[in-house]
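Written out below as structure tokens is the structure these notes cover.
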Amino acid sequence: MSKQTLIPVGPYHPLQEEPELFKLYCEGEIVKDVKWETGYNHRGIEKLAEQKSYDEVFFLVERICGICSTSHPFAFANAVEEIAEVEVTNRAKYIRSIIGELERIHSHLLWVGLAGHFLGYNTLFMWAWKYREPVLDLFEMITGNRNSYAMFKVGGVRRDIENTKITTIAKVLALVKKKTDLLVGAVMDDPVIHARTKGVGILTKEDILNFAAVGPTARASGVDIDIRRDDPYAAYPLVNWKVITAQAGDVFAKAEVRLLEMYESISIIEQCLEGLKKEKEGDIDVKIKHIPEGYGTGRAEAPRGEVFHFVISDGSNSPARHKIRAPSYTNIATFKKSCVGQSISDATISLAAVDPCYCCTERLAVALDRNSGKRIMNAKEIIAHSTLITQNLLQLHNLSK
Amino acid sequence: MSFKSYCFKKSLWLFHFGGASCNNCDIEILDCLTPRYDVERFGMILVGSIRHADVLLVNGSINKKDKPRLLEIYEQAPKPVLVVAIGACGCTGGIFAEGNTFAGPVDKIIPVDAYIPGCPPKPEAILAGVVKLMGKN
């Protein structure tokens, strides 16, 4: 066996915005193994959620991740509304979907820019981020903040989109559509991008199923899953749209899926705006007096894939248990497949291709003995422990089936 | 003109330390570099190593794993260095201050020269904060 070199990327690397550590084990220029280490971002959100009231948890979960700051409240709202058995009004559904899709557009634009940056194509980075700004302006107009929108609550939304704003939104969407054409041209017709991304970081259909990857990562490998269609929520069953898939499974296919999804998002928003005109203004929430005992699951399709929230209520004002699973949690595991065997220069774009989000993913803690520094629990044991706690809680409230 | 103000007269180079954050402030810092705000016209760039930087931007609440690393990065910085705490989490710990892994806001760990509040602060606010800091010293 030849000598392996360890190349650390991170934790505070200029390429990444978030702290995380990749260890690339290389032989020559070929990556033989990859390990990743997190924990730099852990904030103990599930525990914090148990100390907050249902209204406050929304502000907490949207700060799980700044980029998907609608998806987490979306999934949490779905979970709590399942417990309370509430059906939100159509207007609230449309508004929720509009915010969700605007977020998808800005997140995909952000990814396209960063992917260009990783490839050394900084023009694409600057373009994509420039045309992301009008979307953020829309957010500021609708919700009052560029990120972290605070739009969701149990039973509806906090702010209405007045019908007078609809023309402005439609105008910005038309601009974004035009600029998406430009970006699609810049990516799809560029021979350099073809050379750098085609056949790089391939994930086959079997790999996706083995790693349980979700979102655009799965759809780019021909796995046709989308929570918006498979487990309909909000206004998605009320509008016409299609799920974008590609077959190749390489980085190029992932870019293609994301770019084409932006057109779908724009079309969904346009239809939702039409729907808004028909609904009565101000009819945006259902009053809920009490969250009964029980448990509920909520799912939502974030820009990166399926977000899953599980909430146990004991009838009090705050959740008794709140479990979150973010899409990057499963997507990051595919690095073992996509990066191994690539050259180091291709490894960076393979890592970036799944659009990993580490602040979503910070979940696992490894327990250490304080005196000896030895590991007293491995990953499997921690998962078993966590399952046990959830089961105990379910039994405590007589909810287990 | 003191040595410190001479150092920070123009072309500040920035190093970004993202603590346990939600990524919003990180994105807004990056946003400052993109065409609409474009701080590079003032000679400000994000650099890859703290050893080249004049300003240390810290955002996010600092957890137990980050704390020794932040201290080490501060020690590696060539002095004088300006430290800017960005966002509600950087200033006070924000919504995560009650978390079980929280190890104190930035100013409990290293001296801070400027606080930029907001969740997240707008790019304009970040720019205004850094410009104020340049005038102060």
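The values are calculated or read from the model by the stated rules, or taken from the named source; none is laboratory data. Only a predicted model underlies this, so the values are computations on that prediction, with no experimental measurement involved. So basically every Cβ, Gly included, is an ideal-geometry build from the backbone, and we count neighbours across all protein chains shown.
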Those residues of the stretch B:28-62 which are within 11 Å of chain A (Cβ to nearest Cβ) and on the phi > 0 side of the Ramachandran plot amount to B:38, B:60
Taking residue A:293 as the residue in question, decide whether it is out of contact with any His (no Cβ under 9 Å at 6 or more places or on another chain) and touching a residue at least 12 places away in the same chain (Cβ under 8 Å).
no
Looking at this structure, is residue A:40 among the aromatic types (Phe, Trp, Tyr) and in contact with a Leu (Cβ under 9 Å, 6 or more places away or on another chain)?
yes
Is there any pair with a first residue in the stretch A:146-164 that is not assigned by TED's automatic domain parsing to the domain that holds residue A:65 and a second that is assigned to a loop (DSSP other than H, G, I, E, B) whose Cβ atoms are under 9 Å apart and which are 6 or more apart or on different chains, and what are they?
none
Which of the residues belonging to the stretch A:5-30 are over 28 Å from residue A:65 (Cα atoms) and in contact with a Phe, Trp or Tyr (Cβ under 7 Å, 6 or more places away or on another chain)?
A:6
Going through (1) surrounded by fewer than 23 Cβ atoms within 10 Å (Cβ to Cβ); (2) at pLDDT below 90 one by one, residue B:20 fails only at (1)
With respect to residue B:15, is the statement that it is crowded, with 19+ Cβ neighbours inside 10 Å, farther than 25 Å from residue A:69 by Cβ and within 11 Å of chain A (Cβ to nearest Cβ) true?
yes
When you go through A:85, A:56, A:103 one by one, which is the residue that is modelled with pLDDT of 90 or more and at positive phi?
A:85
For the stretch A:226-249, which positions are closer than 21 Å to residue A:111 by Cα, in contact (Cβ under 8 Å) with a residue 60 or more places away in the chain and outside any helix (DSSP H, G or I)?
A:226
With A:82, A:17 as the choices, which residue is charged (D, E, K, R) and either out of contact with any helix residue (DSSP H, G or I) (no Cβ under 6 Å at 6 or more places or on another chain) or touching a residue at least 60 places away in the same chain (Cβ under 8 Å) (or both)?
A:82
The number of residues in the stretch A:22-77 that are loosely packed, with under 15 Cβ neighbours inside 10 Å and polar (S, T, N, Q) is 2
Quick one: what pairs do we get from the stretch A:185-204, first residue over 18 Å from residue A:120 (Cβ atoms), second among the polar types (S, T, N, Q) and not in a loop (DSSP other than H, G, I, E, B), C-beta under 6 Å, 6+ apart or different chains?
A:203/A:334; A:203/A:338
Residue selected from the stretch A:207-224 under the condition touching a residue at least 60 places away in the same chain (Cβ under 8 Å) and not in a helix (DSSP H, G or I), by the criterion nearest to residue A:95 (Cα to Cα):
A:214
Residues that are touching a Lys or Arg at 6+ places or on another chain (Cβ under 9 Å), among the polar types (S, T, N, Q) and under 28 Å from residue A:144 (Cβ atoms), drawn from the stretch B:85-137:
none
Looking only at the stretch A:69-93, how many residues end up being more than 9 Å from chain B (Cβ to nearest Cβ) and either closer than 15 Å to residue A:300 by Cα or basic (Lys, Arg) (or both)?
15
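Here's the yes/no breakdown for (1) touching a Cys at 6+ places or on another chain (Cβ under 8 Å); (2) among the hydroxyl-bearing types (Ser, Thr, Tyr); (3) closer than 21 Å to residue A:43 by Cβ; (4) modelled with pLDDT of 90 or more:
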| site | (1), (2), (3), (4) |
| --- | --- |
| B:77 | no, no, no, yes |
| B:90 | yes, no, yes, yes |
| B:101 | no, yes, yes, no |
| B:109 | no, no, yes, yes |
| B:113 | no, no, no, yes |
Is there a residue in the stretch B:18-29 that is more than 30 Å from residue A:50 (Cβ to Cβ) and touching a strand residue (DSSP E or B) at 6+ places or on another chain (Cβ under 8 Å)?
yes
Checking the conditions here, which among A:279, A:301 is under 30 Å from residue A:241 (Cα atoms), modelled with pLDDT of 85 or more, crowded, with 19+ Cβ neighbours inside 10 Å and charged (D, E, K, R)?
A:301
Does residue B:121 fit the bill of being exposed (fewer than 15 other Cβ atoms within 10 Å of the Cβ) and within 14 Å of chain A (Cβ to nearest Cβ)?
no
When you check residue B:127 against the structure, is it under 17 Å from residue B:11 (Cβ atoms), modelled with pLDDT under 90 and more than 13 Å from every other protein chain (Cβ to nearest Cβ), yes or no?
yes
I'd like the full set of residues that are in contact with a Ser or Thr (Cβ under 9 Å, 6 or more places away or on another chain) and within 14 Å of another protein chain (Cβ to nearest Cβ), limited to the stretch A:18-38.
A:18, A:19, A:20, A:21, A:38
Which one of these is assigned to a helix (DSSP H, G or I) and of a type outside the set (A, V, I, L, M, F, W, C): A:330, A:297?
A:330
Collect the residues in the stretch A:333-356 that are on the phi > 0 side of the Ramachandran plot and surrounded by fewer than 22 Cβ atoms within 10 Å (Cβ to Cβ), keeping them in residue-number order.
A:341
Kindly indicate the residue of the stretch A:315-331 that is among the polar types (S, T, N, Q) and buried (at least 24 other Cβ atoms within 10 Å of the Cβ) and also farthest from residue A:83 (Cα to Cα) among those meeting that condition.
A:331
Checked the stretch B:63-105 for anything within 12 Å of chain A (Cβ to nearest Cβ), touching a Pro at 6+ places or on another chain (Cβ under 7 Å) and among the hydrophobic types (A, V, I, L, M, F, W, C); matches are B:88
